[in-house]
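Visitor: Sending over a structure as structure tokens; questions will come in a sec.
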Amino acid sequence: MSNKKIGFSFLIIAFTSLIIGLFFGMIGGLQYVLPEFLREALAFQKTRPLHVFLVTQWISCCAVGCIYYFMPGVANRQLYFPTLGWLHFALTSFIIVASMIFFFSGNFSGREYMEFPLWIAGLMIVGWILMLVNFIATVRPAYHTAPVYIWSWTAGMVFFIITISESLLWSIDHFNNNIVRDITVQWKALGSMVGAWNMLVYGCTTYLMFKTTGKKELVQSKLTFFFFFLGLTNLMFNWGHHTYVVPASPVIKAVSYIISMTELLILFQMITKWKKTFLQNNSKEHFSYRLINMADRWILLNLTLAIIISVPFINQYTHGTHITVAHAMGATIGINTTLLFSAAFYVYYKEKRAAGIYIPGVTKKALLVFNISLLVFWVALIASGIAKSKALLQHKGFYEVMGTLKPYFNVFMLSGFVLMFAIIVMAAPICKFLLRFVMQKKQQIILQREEQVMVKRHLEEV
Amino acid sequence: VYSAWVFTKGTDKPELKFTGEMAKGKALWHKNNCISCHQLYGLGGYLGSDLTNVMSDEKRGRQYAESFLKSGGPRMPDFKFNDKEISQIMAYLSYVDSSAKPSMP
């Protein structure tokens with residue numbers, strides 16, 4: 001039972017982070033269009049880290065919560081160290097609250113995506129070690145026969161430990177005192193860290209595909225493992241396409257270019273299975289499975305964009321523009337958030353002992369609005385990236401460039417608002433369920449206390 | 001092995017000299033979370049301009065950077081840096097600028 005409680009607790013902080021993170025994203029979006037908005041009270045320098053940190057916590061905490069929930073089902077035994085699980089939860093909650101306090105008070109380490117003080121990153125590493133120990137002790141994976149999701153989860157946890165450690169290397173002079181090394185290693189750490197959370201999310205997805213269809217070949221075939229190892233190779237080497245403009249060794253760029261082009265194989269596989277999965281009517285399938293199929297469309301779009309911007313000739317025009325942001329948004333919202341909703345809805349339906357085929361009308365509508373608004377949001381970012389690149393080629397000044405981009409920013413901000421509301425509506429049934437879990441827990445504690453008081457009184461009377 | 005190579009040979013630039021003044025400028029860059037709006041080599045936010053080559057840029061240059069550091073701008077809050085801090089941040093930006101030239105044609 002402790003696995004469920006730990007899993008639900010992580011899901012609570014995941015959904016809370018998502019909603020608060022979206023709120024700060026909305027403020028940040030407004031600041032793009034109205035630069036004066038809260039400029040002194042809550043500058044973009046604070047809203048951006050608050051937004052980015054909380055939405056990335058949404059991704060990792062939701063994946064972690066689902067893995068804790070799935071773990072005993074995978075292993076056929078209870079969680080080996082429940083105390084470590086709770087410790088991991090307490091640590092994560094502390095990290096989120098402390099980081100928010102630091103961001104609000106303007107106490108930064110000033111590193112991209114890791115703006116909190118260094119020791120917070122240290123605590124994050126401890127948290128991942130605790131989870132990895134618990135995972136190995138509970139699942140006791142026999143890797144030569146283990147299904148692909150066990151490999152994915154293990155790789156995700158191990159690479160979180162490695163990449164967070166790498167992101168701290170700048171505190172050593174050898175890295176800090178050389179801008180080329182500092183920037184290259186930072187891109188290396190951050191690029192691979194994205195790969196690490198993808199591993200956790202894809203692990204949950206392949207597990208769900210197996211659970212909702214019962215097809216073993218989806219998680220154990222040679223082709224599945226081929227694509228897993230291709231993903232792992234990309235996690236380790238693909239980050240280099242961010243460093244084409246950095247004057248590091250050309251070998252780093254060449255390795256990255258070759259590796260990033262292997263993504264063409266994934267693209268080819270997706271196109272060949274298009275007819276099989278994309279066009280089928282799967283209204284009789286589990287909602288989670290339908291969400292996975294929906295994420296496939298975003299994988300296709302985003303992968304195509306990733307391959308295009310990985311070509312060095314194109315990259316020199318797109319790097320440092322909103323096209324990179326479009327890629328990041330397509331990956332984190334279109335792919336990861338859809339897949340995480342698929343995992344969270346699986347937990348939701350399982351707990352409700354429902355087949356997962358009936359979906360409330362409002363959720364269906366919200367899902368449609370989610371996809372349309374995200375597409376508009378994504379296209380607006382790409383368009384503003386193209387416009388920025390064009391304006392820079394004409395040697396326009398920065399403020400003139402920003403003026404040219406204003407219509408795109410308006411579309412990006414408005415579609416962002418709609419997207420935020422769609423996500424909140426989609427999350428509503430799960431949040432309601434989690435809230436009920438918290439209330440029940442509170443009720444249980446009250447009942448236990450009352451019982452203790454009664455027993456004490458009875459003993460006194462005796 | 002690849003990581004070890006990236007951490008050493010792959011990113012070795014012995015011609016770049018990093019002084020104490022630049023280190024203080026970098027610390028200020030970090031402390032004020034400049035990366036949330038500005039980019040260095042494309043890494044950072046897009047609300048402000050890319051500052052990799054701001055110091056040698058014909059249109060921007062030292063004076064442009066100095067005036068923003070002194071009193072902010074239409075999009076940038078006034079960080080109230082003193083003269084010493086401004087010169088330290090500019091020393092750091094000059095160091096970054098010396099590491100490469102812009103890649104966009």
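The values are calculated or read from the model by the stated rules, or taken from the named source; none is laboratory data. These numbers come from a predicted model, not from an experiment. A quick note on method: Cβ atoms are made from the backbone with ideal geometry, for glycine too, and the neighbour counts reach across all protein chains shown.
Visitor: Exactly one of these conditions fails for A:MET193: (1) out of contact with any Leu (no Cβ under 7 Å at 6 or more places or on another chain); (2) over 30 Å from B:SER98 (Cα atoms); (3) assigned to a helix (DSSP H, G or I). Give me its number.
Guide: Looking at each condition in turn, A:MET193 falls short on (2).
Visitor: Just checking, how many residues over region A:11-68 are more than 14 Å from chain B (Cβ to nearest Cβ), over 14 Å from the mean Cα position of the chain (by Cα) and closer than 20 Å to B:TYR46 by Cα?
Guide: Of the residues in that region, 2 qualify.
Visitor: Please verify whether region A:389-398 includes one or more residues that are small (Gly, Ala, Ser) and free of Cβ contacts under 8 Å to residues at least 12 places away in the same chain.
Guide: Yes, some residue in region A:389-398 is small (Gly, Ala, Ser) and free of Cβ contacts under 8 Å to residues at least 12 places away in the same chain.
Visitor: Could I ask something else about it? Among the listed residues A:PHE135, A:PHE210, which satisfies the condition of being in contact with a Ser or Thr (Cβ under 9 Å, 6 or more places away or on another chain), of a type outside the set (S, T, N, Q) and either more than 30 Å from B:ASP12 (Cα to Cα) or buried (at least 18 other Cβ atoms within 10 Å of the Cβ) (or both)?
Guide: A:PHE135
Visitor: Search region A:317-332 for residues that are within 12 Å of another protein chain (Cβ to nearest Cβ) and pair each with any residue that is of a type in the set (Asp, Glu) when their beta-carbon atoms are under 6 Å apart and the residues are at least 6 apart or on different chains.
Guide: Sorted first by the residue in region A:317-332, then by its partner, the pairs are A:GLY320/B:ASP50.
Visitor: Within region B:44-63, restricting attention to residues that are farther than 20 Å from A:LEU405 by Cβ and without any contact (Cβ under 8 Å) to a residue 12 or more places away in the chain, which residue is farthest from the other protein chains (Cβ to nearest Cβ)?
Guide: B:GLN63
Visitor: Next up: Within region B:25-35, identify whether any single residue is more than 10 Å from every other protein chain (Cβ to nearest Cβ), among the charged types (D, E, K, R) and surrounded by fewer than 22 Cβ atoms within 10 Å (Cβ to Cβ), and answer yes or no.
Guide: no
Visitor: Follow-up question, since we're still on this one. Condition check: modelled with pLDDT under 95 and either away from chain B (no Cβ under 14 Å) or loosely packed, with under 15 Cβ neighbours inside 10 Å (or both). Does A:ALA75 satisfy that?
Guide: Criteria met by A:ALA75.
Yes/no matrix, rows are residues, columns are (1) surrounded by 18 or more Cβ atoms within 10 Å (Cβ to Cβ); (2) closer than 24 Å to A:TRP239 by Cβ; (3) touching a Cys at 6+ places or on another chain (Cβ under 7 Å):
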| site | (1), (2), (3) |
| --- | --- |
| B:THR19 | no, no, no |
| B:GLY42 | yes, yes, no |
| B:TYR46 | yes, yes, no |
| B:PHE68 | yes, no, no |
| B:ASP78 | no, no, no |
| B:LEU93 | yes, no, no |
